[in-house]
Every structure is written in structure tokens, then in C-alpha cells.
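Read the structure below first, then the notes.
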Amino acid sequence: MKILHTSDWHLGLEFFGVDPTADQQHMIEEIVRIAREQQVGAVIVAGDVFDRAVVAPDAIALYNDAMRALCLELGLPVVLIAGNHDGAARLSTLSDLLRGAGLYIAGRVTTEEMQADLGDTVIHLLPYVYTDDVRQAYPARREEIACAADAMRVVLEERRPPKDGKRHILAAHCFAAGGQAGQSDRAAAVGGSLAVPAEWFSAYDYVALGHLHRPQTLGGGKLRYSGTPMCTSFAETDVPRSVTIVDTNDMSLKEVPVEPLHVMRTLRGTREKLCEGSSQDYLRLIVTDEFPTAPVQEALRRTYPNALQIDCGMQIAASARTGLTLEEVRADSPLDVAEKFYLNRTGREMDDEMRAWFRQAIEDAEREG
């Protein structure tokens with residue numbers, strides 16, 4: 001059987017001051033299209049369905065549309081777990097009732113493990129692990145659980161799947177050791193006590209992971225982050241968005257691209273050069289020859305109506321040059337610090353008149369105590 005693995009939809013996210021509803025609706029339509037064309041037998045959504053615990057009605061409507069299309073129109077079982085961004089209690093409301101429609105939801109870790117038995121394949125649901133939940137679920141091992149990694153280890157030890165000839169797949173939302181986190185991976189604990197060693201998952205044939213936004217495979221091919229199917233940051237634009245198809249016959253993996261409604265990319269150039277082009281893409285514009293004042297931004301947005309960020313290239317370069325440590329701040333004079341701050345913020349050097357104003361301000365402050 002083929003299973004579509006996706007995660008980190010982040011429905012309802014704040015998106016550069018722009019309403020992303022149409023883009024996320026298109027993302028869901030793409031996932032439904034892929035599920036139909038690839039003739040999958042089930043879908044796994046490995047957490048962070050929503051961007052926060054309480055979301056706007058538009059986000060709820062998108063979720064309803066997705067589950068209706070997958071469960072009712074395509075007749076597919078959907079296995080869904082809560083991530084760290086989701087409101088676990090809200091997400092799992094009526095989960096027992098929804099299971100009858102083919103929607104398996106696990107919001108929090110409890111004594112009873114939820115499974116989706118799909119014949120020769122069993123999908124085990126492990127939502128984002130909270131330490132207190134595991135202590136309550138397994139009180140006899142309470143003293144062993146000092147941190148979230150301990151909690152994950154206890155859960156995995158207590159829930160080892162049987163060796164019964166079936167394929168056993170785990171849907172989990174966590175940070176696996178060795179995973180590559182991007183700038184947009186909020187709340188991903190990298191290099192700390194929350195990193196889960198890949199060998200802890202060895203009892204499973206495949207681990208469908210959510211949490212990190214960059215698609216990647218770990219653990220010799222058994223652990224897989226599908227990545228977010230819609231770009232949410234300009235830090236993610238170097239990696240195409242996709243879902244993962246796992247075939248339980250031979251446990252092979254295939255990435256299938258998710259085409260965006262709007263491409264996200266960065267353009268860099270002088271104001272004059274940028275104004276020569278045009279695009280409907282979601283853009284970050286970096287102006288290299290002047291500060292992007294309100295008139296400059298207005299002129300650029302006439303050409304690029306979906307410019308989400310307009311930055312100053314000189315400021316970015318100055319920021320890279322003028323980063324200050326606490327020791328450097330303490331060693332510099334107030335005027336030195338002010339000059340570096342001004343360069344960092346504007347990309348320009350203070351002129352003599354500005355220096356004179358600042359010296360006068362320092363003298364006035366010192367005189368007033």
C-alpha cells in the first residue's frame with residue numbers, strides 16, 4: 001500500500017501581513033490531487049496542522065475541507081497527530097466519533113495508544129510529547145522522566161510494536177537527532193536535551209515525522225521529515241515543497257512536489273534595476289544602492305504587488321560587519337556605539353553634524369546626572 005506523509009501545514013499562520021487563506025486552500029487541493037493521482041491507501045499528517053492553539057474560523061474551514069475531501073470524497077483513512085503548535089484538546093475533540101469516518105486523531109499521550117490498523121500495515125500515533133503527560137500515563141516510571149527526551153524514551157519503550165509480520169509505522173512530532181533545522185523552525189530544540197536519537201525508533205519500519213520544515217531523511221532511510229508543503233519563510237525558498245509517498249511493499253520513498261499558488265523568492269539589485277522588472281510572486285526585495293524609504297517602497301510595490309519584504313542591502317552588509325559583543329560595547333565610547341548602531345540600522349556613516357548633535361546630547365545627559 002502507498003501512504004502519503006505530510007506535516008506542518010500551519011493553517012492560520014501570520015504571513016507577512018498578508019492573508020494566506022487562498023495559498024493554503026491551494027496547498028490542500030494539491031495534497032488531495034496527489035493522493036488521488038498516486039492512488040494512496042492512507043494519509044499521515046504528522047502534526048502542526050494549525051499554527052496556534054486557537055485559530056480563526058478560516059483556518060478551521062480549511063481543515064474541514066481537507067478532511068472532508070480525503071476521508072469522505074476519496075474514502076481514505078487519515079492519521080493525524082497534534083504537534084507543539086496545535087491545541088491538542090481542541091484537535092482531538094470527537095476523535096472517537098470521527099474514527100468511524102476514517103479520521104484517527106491523537107491529541108496527547110495517554111495510557112492507551114491509538115493505532116490505525118490497515119490490514120498488513122499498522123500506523124501508531126504519537127503526538128507531541130509533554131513530560132507531565134507521560135508521567136501520568138506511566139506512573140511506575142515517573143522517577144525516570146527528568147526531561148522531554150526521557151519522556152520520549154519511556155513512551156517508545158512502553159509501546160514497542162510486536163513482531164507479527166506486519167509493517168509498523170510511527171507518526172510522531174519531535175526533533176530527531178541529526179535533523180537539519182532551518183531558521184523558520186520555531187521551537188525546534190536543536191542540539192539540546194530534546195533531541196531524540198534515531199536508534200530509539202529502531203522497532204519501526206518507517207517513522208513519519210513532523211516538526212522540521214525541511215524535507216530530509218535520517219536513520220538510514222527509516223526516519224523521514226516530509227517538511228511543510230507550503231513555504232512559510234524566505235529561509236525555506238531553497239528547497240522545493242513536497243509530500244512524501246512511502247510504499248509499504250518495499251518501503252521505498254518518493255518525493256512528490258506541491259506546486260504553490262505563489263512562488264516565494266528573493267530579488268536583489270539597485271532600485272533602478274528592480275523597477276525594470278515585474279512579478280506576481282511573493283518576494284523579498286533587497287535594494288542595494290539606497291535605503292528603502294516610503295517613496296522607494298511605493299514605487300517597487302507598483303511593479304511587485306506581492307512584495308512581502310523590502311530590505312536595504314547596505315544595512316544587511318553593515319549588520320554583518322558591525323555585530324557587537326557585550327565586551328566591545330563596554331570598551332567603546334558612547335559615540336562609537338552610536339556610530340556603529342546608526343551604520344547597522346541605516347547602512348550609512350554618521351556625518352559631522354550628526355556627531356556634533358550626539359556629543360551635545362551626551363554632554364547634556366552627563367550635566368543632568
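Tabulated results
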{"read-out": "Number of positions in region 118-151 that are within 19 Å of HIS173 (Cβ to Cβ), open to solvent by less than 10 Å² (accessible area, probe 1.4 Å) and of a type outside the set (Gly, Ala, Ser)", "value": "8"}
{"read-out": "Count - residues of region 154-167 that are under 22 Å from THR217 (Cα atoms) and under 26 Å from the mean Cα position of the chain (by Cα)", "value": "1"}
{"read-out": "Qualifying positions in region 196-237 - among the hydroxyl-bearing types (Ser, Thr, Tyr) and either assigned to a strand (DSSP E or B) or more than 17 Å from THR248 (Cα to Cα) (or both)", "value": "TYR206, THR217, TYR225, THR228, THR232, SER233, THR237"}
{"read-out": "Number of positions in region 228-256 that are modelled with pLDDT under 95 and open to solvent by less than 40 Å² (accessible area, probe 1.4 Å)", "value": "7"}
{"read-out": "Residue tally, condition under 18 Å from HIS85 (Cβ atoms) and either among the hydrophobic types (A, V, I, L, M, F, W, C) or modelled with pLDDT under 95 (or both), over region 21-46", "value": "5"}
{"read-out": "Unmet criterion (only one of (1) open to solvent by less than 10 Å² (accessible area, probe 1.4 Å); (2) at negative phi; (3) in contact with a strand residue (DSSP E or B) (Cβ under 7 Å, 6 or more places away or on another chain); (4) at pLDDT 95 or above) for PRO215", "value": "(1)"}
{"read-out": "Residue in region 280-291 that is hydrophobic (A, V, I, L, M, F, W, C), at pLDDT 90 or above and part of a loop (DSSP other than H, G, I, E, B) present", "value": "no"}
{"read-out": "Residues being within 15 Å of TRP200 (Cβ to Cβ) and among the hydroxyl-bearing types (Ser, Thr, Tyr) - total across region 136-157", "value": "0"}
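The values are calculated or read from the model by the stated rules, or taken from the named source; none is laboratory data. Please read all numbers here as calculations on a predicted model, not as lab measurements. No Cβ is skipped: glycine too gets one built from the backbone with ideal geometry, and neighbour counts run over all protein chains shown. The accessibility values were calculated without ligands, DNA or RNA, using every heavy atom of the protein model including side chains. Shrake-Rupley method; radii C 1.70, N 1.55, O 1.52, S 1.80 Å.
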